[in-house]
1. How many residues are more than 17 Å from residue 149 (Cα to Cα) and either in contact with a helix residue (DSSP H, G or I) (Cβ under 8 Å, 6 or more places away or on another chain) or not in a strand (DSSP E or B) (or both) if we restrict to region 34-63?
2. Give the residues of region 12-29 that are surrounded by 13 or more Cβ atoms within 10 Å (Cβ to Cβ) and free of Cβ contacts under 8 Å to residues at least 40 places away in the same chain, sorted by residue number.
3. How many of the residues making up region 131-151 are surrounded by fewer than 18 Cβ atoms within 10 Å (Cβ to Cβ), within 14 Å of residue 105 (Cβ to Cβ) and in contact with a strand residue (DSSP E or B) (Cβ under 7 Å, 6 or more places away or on another chain)?
4. Counting residues that are assigned by TED's automatic domain parsing to the domain that holds residue 18, without any contact (Cβ under 8 Å) to a residue 40 or more places away in the chain and over 27 Å from residue 40 (Cβ atoms), which strands (runs of 3 or more DSSP E) fully inside region 69-162 reach at least 2?
């Protein structure tokens, strides 16, 4: 978010922020415009960003795989998103496309900002994993990569596996 007093520096998740911009604070005014770490306006407010909701279900599939079905509301209308698996058991924390390849883990929200997608993960998820929703502000999925975090890729929702 814009802050004329903010100095350039490294914020949470090791994201470099330009001078006069800082990470958003959840308790800030919901009408506050949101920017990338480089100061590019994202075209929506903090309240809109924080209004996203989702639910996920995980079913075991043949061969040790898992089928993950997710439903979202409150996303950026026609926004491009990807699903990744967080690996909390890795240091530093690792991220892989939920489908294992980066070819079937991306989707575009509908005109109302809703989406439903089922992704087949190559292995079952465990309690050291999480499902991560990444918004791509450049309108491009990035295959095996999340993109440049804070610049064109933004972590929006995460669901820890119980």
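1. Residues in region 34-63 being more than 17 Å from residue 149 (Cα to Cα) and either in contact with a helix residue (DSSP H, G or I) (Cβ under 8 Å, 6 or more places away or on another chain) or not in a strand (DSSP E or B) (or both): 9 in total.
2. Of everything in region 12-29, those that are surrounded by 13 or more Cβ atoms within 10 Å (Cβ to Cβ) and free of Cβ contacts under 8 Å to residues at least 40 places away in the same chain turn out to be 18, 19, 20, 21, 22, 23, 24, 28.
3. The number of residues fulfilling the criteria is 2.
4. Where strands (runs of 3 or more DSSP E) fall fully within region 69-162, none carries at least 2 residues being assigned by TED's automatic domain parsing to the domain that holds residue 18, without any contact (Cβ under 8 Å) to a residue 40 or more places away in the chain and over 27 Å from residue 40 (Cβ atoms).
The values are calculated or read from the model by the stated rules, or taken from the named source; none is laboratory data. Because the structure is predicted, anything quoted here is derived from the model rather than measured. Virtual Cβ from ideal backbone geometry, glycine too; neighbours counted across all protein chains shown.
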